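Please read the structure below before turning to the comments.
Read-outs: derived from the displayed coordinates by stated rules, not from any lab. Because the structure is a prediction, the values reported are computed rather than measured.
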Amino acid sequence: MTEKILILDFGSQYTQLIARTVREANVYCEIIPYNASIVYETGLKGIILGGSPFFG
């Protein structure tokens, strides 16, 4: 079982930087659009919301 983090991309310019930082901690992560369906599977440990000034 692999631990996994999802990053929901709301258009933040730092989304790729967040993903790189998570991967450097040896945790698998995926970036998906904010309006995509989330599949809750075993191993999913958390969700990071990559914000944007347009949704504030």
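Numbers at a glance
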read-out: Tilt relative to the chain, helix 15-24 - C-alpha long axis, 0 to 90 degrees, to 10; value: 20 degrees
read-out: Expected 222 nm ellipticity per residue - DSSP helices of 4 or more, -39500 (n - 2.57), all of the chain, to 500; value: -5000 deg cm²/dmol
read-out: Shape of the chain, Cα gyration tensor, a/c cut at 1.5; value: oblate
